[in-house]
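Visitor: Just passing along the structure, written as structure tokens.
The values are calculated or read from the model by the stated rules, or taken from the named source; none is laboratory data. Treat the numbers as computed from the prediction; the structure is a model and nothing was measured. Every residue, glycine among them, receives a Cβ derived from its backbone with ideal geometry; neighbour counts consider all protein chains shown.
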Amino acid sequence: MKKPGLKFYKSAAVVLTLIFVGMQISSPDIENPPVTSEIVAPADVKQILERACYDCHSNEAKVEWFDKIAPASFLIKRDIEEARSRFNFSEWDKNPAGVQELLLWEMVNAIEQGKMPLKRYQLAHPGGKVSESELAVLKKYVNTLPGRHKVDTARIVAQPSSSQKVSTPKTPVSLNGIPYSADYKNWKIISVTDKFDGGSMRIVYGNDIMVKAIGKRQLPFPDGARIVKVVWGKQAEDKEGNVLPGNFQNAQFMIKDSKKYSTTEGWGFAKFDGLDLKPAGKTILFEQTCANCHRLLAPENDFVFNVPTK
Amino acid sequence: MKSTISLYIIALPLLMLSCDDRNTAQLAPEYLYDAGNQKVIKSIINNKKGTIAMLYGNDLALENASKSLPKPNIGANYTLVTWKQKPMPQWYGTKMNGEIYSVEHLKVVQRNATQFAFDYDFQTGKGYQPGDGRPEEQQRIKFITSQRAAVFP
């Protein structure tokens with residue numbers, strides 16, 4: 001094969017330079033919309049968030065000169081848009097209180113697992129790293145949030161109220177087409193958990209395909225695997241230290257079908273709230289909210305948190 | 001030489017992109033317990049003991065746990081599986097079942113025409129330490145039979 005000569009490299013350099021200059025003309029601007037409701041947190045916590053998260057997760061992005069050079073600017077704009085869509089510290093009140101708490105716990109987990117701040121962000125902004133002691137400050141903070149020690153003191157209700165019964169169709173169906181089904185009551189248990197954020201206790205069921213896959217230590221899980229997580233509030237601890245389930249809160253479904261659910265890592269997600277089993281979410285985007293967190297934090301487990309692992 | 005340099009230039013961004021490593025977790029089927037045909041009655045957390053448990057029962061046990069019956073159903077069978085808690089690896093903020101600590105079986109049996117009796121058995125699992133001591137039988141019988149079933153939709 002004939003090696004390319006000097007002429008080839010010269011013309012290639014000219015073409016590349018032209019592309020580079022052309023890119024600068026179309027390079028996007030990163031805008032900072034107004035701050036409408038900034039997060040309220042203790043000063044030491046806020047300072048960490050501002051330094052490590054605000055450049056992407058707020059309307060106060062500090063854009064460096066080198067961030068404005070294409071093609072990096074395109075990537076940065078995309079990252080900031082994505083980050084703001086996940087959560088935005090400048091528009092914090094857009095999330096209900098419970099979601100705000102869940103997001104803060106998710107942040108702690110993303111930092112602990114080294115998934116956030118993004119590696120490419122840290123490469124360009126060495127000051128963006130969160131140290132071990134700073135992570136400890138954030139952990140301490142999330143443990144002071146109201147949901148952490150929430151006790152279900154309400155009378156335990158065993159039946160949906162009659163008005164809800166009338167307005168609910170026979171089989172509740174999630175917005176992505178997954179129907180509620182009580183089959184799981186005959187399945188095996190794959191895990192039992194005590195969740196601090198939000199204060200709940202959970203029993204997680206797996207169908208035969210799921211249980212067999214765990215038995216064979218098979219990952220990723222095969223199509224046809226199904227998981228149902230049933231969630232209750234926690235009653236006050238008794239004097240022996242026992243905490244018993246309070247009111248039923250919701251049932252969460254995960255169904256593996258790598259083709260059908262390819263946009264959500266092969267899993268179909270559904271959640272049914274309350275004894276009337278109201279399908280969760282206002283739009284089909286709800287499943288992306290589920291998938292985003294599973295994708296970020298549990299890729300090692302084929303995106304499932306509640307499986308027994310070493 | 002020149003082509004080697006261009007290869008490096010192409011490979012460098014690819015290498016940086018591939019830094020997003022995806023390890024695979026090691027599943028632990030030894031933490032599962034097969035309760036056979038028994039149904040779930042409820043789960044029980046104990047943070048003083050650092051344990052988390054599942055109470056299962058046959059239909060007669062489930063009936064006992066769901067309704068306020070004046071006395072236990074003869075033929076009711078219960079299984080209480082207790083695990084040591086461990087932190088969930090992928091989520092700081094959740095404790096889950098780890099090694100099995102103990103398995104307790106309780107049967108309500110007929111003693112004679114009018115009386116019933118309890119048949120109680122305590123087995124240890126891998127999470128049980130020799131110095132842990134055994135629970136007091138009468139207390140455990142009372143604890144298991146007094147549990148109300150969790151509410152399901």
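Visitor: Would you say A:TRP92 is aromatic (Phe, Trp, Tyr), within 14 Å of chain B (Cβ to nearest Cβ) and surrounded by 15 or more Cβ atoms within 10 Å (Cβ to Cβ)? Walk me through it before giving the result.
Guide: Working: aromatic (Phe, Trp, Tyr): yes; within 14 Å of chain B (Cβ to nearest Cβ): no; surrounded by 15 or more Cβ atoms within 10 Å (Cβ to Cβ): yes.
So A:TRP92 fails the test.
Visitor: Among the residues in the range B:54-69, are any touching a helix residue (DSSP H, G or I) at 6+ places or on another chain (Cβ under 9 Å), surrounded by fewer than 19 Cβ atoms within 10 Å (Cβ to Cβ) and of a type outside the set (Phe, Trp, Tyr)?
Guide: yes
Visitor: Moving to a separate point now. Of the conditions (1) crowded, with 16+ Cβ neighbours inside 10 Å; (2) more than 20 Å from A:PRO299 (Cβ to Cβ), A:GLY241 clears all except one; give me its number.
Guide: (1)
Visitor: Does any residue in the range A:99-122 that is part of a helix (DSSP H, G or I) come within less than 7 Å, Cβ to Cβ, of a residue that is of a type in the set (Lys, Arg) six or more places away or on a different chain, and which pairs are these?
Guide: Between residues of the range A:99-122 that are part of a helix (DSSP H, G or I) and residues that are of a type in the set (Lys, Arg), the close pairs are A:VAL108/A:LYS139; A:GLN122/A:LYS129.
Visitor: In the range A:249-284, how many residues are at positive phi and modelled with pLDDT of 95 or more? If you could, list the steps in order and put the result at the bottom.
Guide: Going residue by residue through the range A:249-284, those that are at positive phi are A:265-266, A:274, A:277, A:281.
Remaining after also requiring modelled with pLDDT of 95 or more: A:265-266, A:274, A:277.
Total satisfying the criteria: 4.
Visitor: Has the range A:49-60 got at least one residue that is in a helix (DSSP H, G or I), of a type outside the set (S, T, N, Q) and farther than 18 Å from A:LEU118 by Cα? Quick ask: steps written out before the conclusion?
Guide: Let us first name the residues in the range A:49-60 that are in a helix (DSSP H, G or I), namely A:49-52, A:54-57.
Next, only the ones that are of a type outside the set (S, T, N, Q) stay: A:49-52, A:54-57.
With farther than 18 Å from A:LEU118 by Cα added as a condition, the list becomes none.
No; the residues of the range A:49-60 include none that is in a helix (DSSP H, G or I), of a type outside the set (S, T, N, Q) and farther than 18 Å from A:LEU118 by Cα.
Visitor: Being closer than 19 Å to A:ALA83 by Cα and assigned by TED's automatic domain parsing to the domain that holds A:PRO126 is the requirement here; does A:ILE39 meet it? Working first, answer last.
Guide: Details: closer than 19 Å to A:ALA83 by Cα: yes; assigned by TED's automatic domain parsing to the domain that holds A:PRO126: yes.
In short, yes.
Visitor: Would you mind finding the one in B:LEU69, B:LEU7, B:LEU60 that is assigned to a helix (DSSP H, G or I), modelled with pLDDT under 95 and either over 30 Å from A:LEU104 (Cβ atoms) or within 10 Å of the chain's Cα centre (by Cα) (or both)?
Guide: Details: B:LEU69 fails: assigned to a helix (DSSP H, G or I); B:LEU60 fails: modelled with pLDDT under 95.
Going through B:LEU69, B:LEU7, B:LEU60 in turn, just one is assigned to a helix (DSSP H, G or I), modelled with pLDDT under 95 and either over 30 Å from A:LEU104 (Cβ atoms) or within 10 Å of the chain's Cα centre (by Cα) (or both): B:LEU7.
Visitor: A further question on this structure: Answer yes or no as to whether A:GLN252 is of a type in the set (S, T, N, Q), more than 8 Å from chain B (Cβ to nearest Cβ) and touching a residue at least 40 places away in the same chain (Cβ under 8 Å).
Guide: On the way: of a type in the set (S, T, N, Q): yes; more than 8 Å from chain B (Cβ to nearest Cβ): yes; touching a residue at least 40 places away in the same chain (Cβ under 8 Å): no.
In short, no.
Visitor: Right, something else. Counting only residues that are closer than 17 Å to B:GLU30 by Cα and under 22 Å from the mean Cα position of the chain (by Cα), how many does the range A:207-223 have?
Guide: The number of residues fulfilling the criteria is 1.
Visitor: Residues in the range A:270-286: is at least one hydrophobic (A, V, I, L, M, F, W, C), more than 12 Å from chain B (Cβ to nearest Cβ), touching a Gly at 6+ places or on another chain (Cβ under 8 Å) and more than 24 Å from A:LYS234 (Cα to Cα)? Give the steps one after another, and end with the answer.
Guide: If we filter the range A:270-286 for residues that are hydrophobic (A, V, I, L, M, F, W, C), which is where we start, we get A:270, A:272, A:275, A:277, A:280, A:284-286.
Imposing the further condition that a residue be more than 12 Å from chain B (Cβ to nearest Cβ) reduces the set to A:270, A:280, A:284-286.
When the remaining residues are screened for being touching a Gly at 6+ places or on another chain (Cβ under 8 Å), the result is none.
No, the range A:270-286 has no match at all.
Visitor: With the structure loaded, tell me whether B:LYS48 is in contact (Cβ under 8 Å) with a residue 60 or more places away in the chain, within 14 Å of another protein chain (Cβ to nearest Cβ), under 20 Å from the mean Cα position of the chain (by Cα) and exposed (fewer than 14 other Cβ atoms within 10 Å of the Cβ) or whether it fails that test. Write out each step before concluding.
Guide: Working: in contact (Cβ under 8 Å) with a residue 60 or more places away in the chain: no; within 14 Å of another protein chain (Cβ to nearest Cβ): yes; under 20 Å from the mean Cα position of the chain (by Cα): yes; exposed (fewer than 14 other Cβ atoms within 10 Å of the Cβ): yes.
Answer is no for this residue.
Visitor: Right, something else. Can you pull out the strands (runs of 3 or more DSSP E) entirely within the range A:176-277 that have at least 1 residues that are hydroxyl-bearing (Ser, Thr, Tyr)? Full working, then the answer.
Guide: Details: elements: A:188-195, A:200-206, A:226-234, A:245-256, A:267-273.
Of the strands (runs of 3 or more DSSP E) lying wholly inside the range A:176-277, those with at least 1 residues that are hydroxyl-bearing (Ser, Thr, Tyr) span A:188-195, A:200-206.
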